[in-house]
Amino acid sequence: MNVALIHPTAIIDPKAELGEGVQVGPFCVIEADTVVGAGSRLESHAVIRRWTTVGQNNVVKAGTVLGGDPQHLSYRGEKTELVIGNDNWFGEYATMHRATSPDTPTRIGDHNYFMAYSHVGHDCRVGNHVVLTNCAGLAGHCHIEDRVLLGGYSGAHQGVRIGTMAMLGGGALTGRDVCPYLVMQGAPAQPRGLNIIGMQRNGVDKAARRALQQMYRIIFLLPLSLPNAIDKVCAEVPLVPEVERFLDFIAASERGIARRKER
């Protein structure tokens, strides 16, 4: 531990493990049985709770709490974990909770950006390059794929899956799975189109975007049942990898996907 990088008012348990070059600001608390990877920086009043692993080069802003107890009535103090990857940014007063079960930790990947007051609940899995804007929240057991964006005050019910490059607009609330590449809005959230700009930024080519637009029209705009719509997609739309990923996501859905209300 490099003492020169630790503010004298910080409280660090001797059983905490700090990597090379970690910076700990005023009034921070790092509990026992934690790991903070090399190059990470904690600003004032940040808290790393027990049984939390924080990877390298993370930035933890003032008041953030990583690894809080899961807010679940069944939790009785068992050793459960939060595992965080590298190069994440946690805004002021963001909160991330440990899992309810010792078998499977809450996991957060790499290069994610959690703005102020955002929340990731127990047992969630968050991929890479995900953005949660101010006050966006994930209830327990959510699975968020890579490059998802949640707008301010948006939220997902427990157990919801959100597919890659999907976007929830500000205030959107979903209790159903959100398919990849969609833009969602409203409460309950409904599809408003494809995230074209997000796909362009992430290298989805024009042919794939065109195929996804064909599929979107069939599944979300035509008055067809979901099984009939999928049959029509398989018969008429080029099965590029992005379309196949979309169909696989639907097939794996247990909660059902978010679609437009019946007219």
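Annotations for the structure displayed:
- Residue count, the range 141-181 (criterion: hydrophobic (A, V, I, L, M, F, W, C), touching a residue at least 40 places away in the same chain (Cβ under 8 Å) and assigned to a strand (DSSP E or B)): 2
- Of all residues in the range 233-251, those that are more than 16 Å from residue 176 (Cα to Cα) and in contact (Cβ under 8 Å) with a residue 40 or more places away in the chain have Cβ atoms under 6 Å from Cβ atoms of residues that are part of a helix (DSSP H, G or I) and open to solvent by less than 90 Å² (accessible area, probe 1.4 Å), 6 or more apart or on another chain, in 242/208; 242/212.
- Checking 95, 174, 133, 100 one by one, the residue that is at pLDDT 95 or above, among the β-branched types (Val, Ile, Thr), touching a His at 6+ places or on another chain (Cβ under 7 Å) and over 21 Å from residue 69 (Cβ atoms) is 174 and no other.
Matching residues to (1) more than 11 Å from the chain's Cα centre (by Cα); (2) small (Gly, Ala, Ser):
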position	(1), (2)
107	no, no
135	yes, no
142	no, no
146	no, no
151	yes, yes
154	yes, yes
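- Scope the range 168-217; condition out of contact with any Gly (no Cβ under 6 Å at 6 or more places or on another chain), among the polar types (S, T, N, Q) and closer than 15 Å to residue 151 by Cβ; matching residues: 174, 190, 195
- Failed item in (1) buried (at least 20 other Cβ atoms within 10 Å of the Cβ); (2) under 26 Å from residue 53 (Cα atoms), with residue 167 passing the rest: (2)
- Only one of the numbered conditions (1) under 19 Å from residue 189 (Cβ atoms); (2) touching a residue at least 40 places away in the same chain (Cβ under 8 Å); (3) surrounded by fewer than 20 Cβ atoms within 10 Å (Cβ to Cβ) is violated by residue 128, and that is (1).
- Any hit, the range 69-82, residues being β-branched (Val, Ile, Thr), in a strand (DSSP E or B) and either at pLDDT 95 or above or open to solvent by 10 Å² or more (accessible area, probe 1.4 Å) (or both): no
- Residue count for the range 189-219, restricted to those that are of a type in the set (Lys, Arg), over 13 Å from residue 166 (Cα atoms) and surrounded by 16 or more Cβ atoms within 10 Å (Cβ to Cβ): 1
The values are calculated or read from the model by the stated rules, or taken from the named source; none is laboratory data. Because the structure is predicted, anything quoted here is derived from the model rather than measured. All Cβ positions, even for glycine, are placed from backbone atoms using ideal geometry, and neighbour counts span all protein chains on display. Protein only, heavy atoms only, side chains kept; ligands, DNA and RNA dropped before computing areas. Shrake-Rupley method; radii C 1.70, N 1.55, O 1.52, S 1.80 Å.
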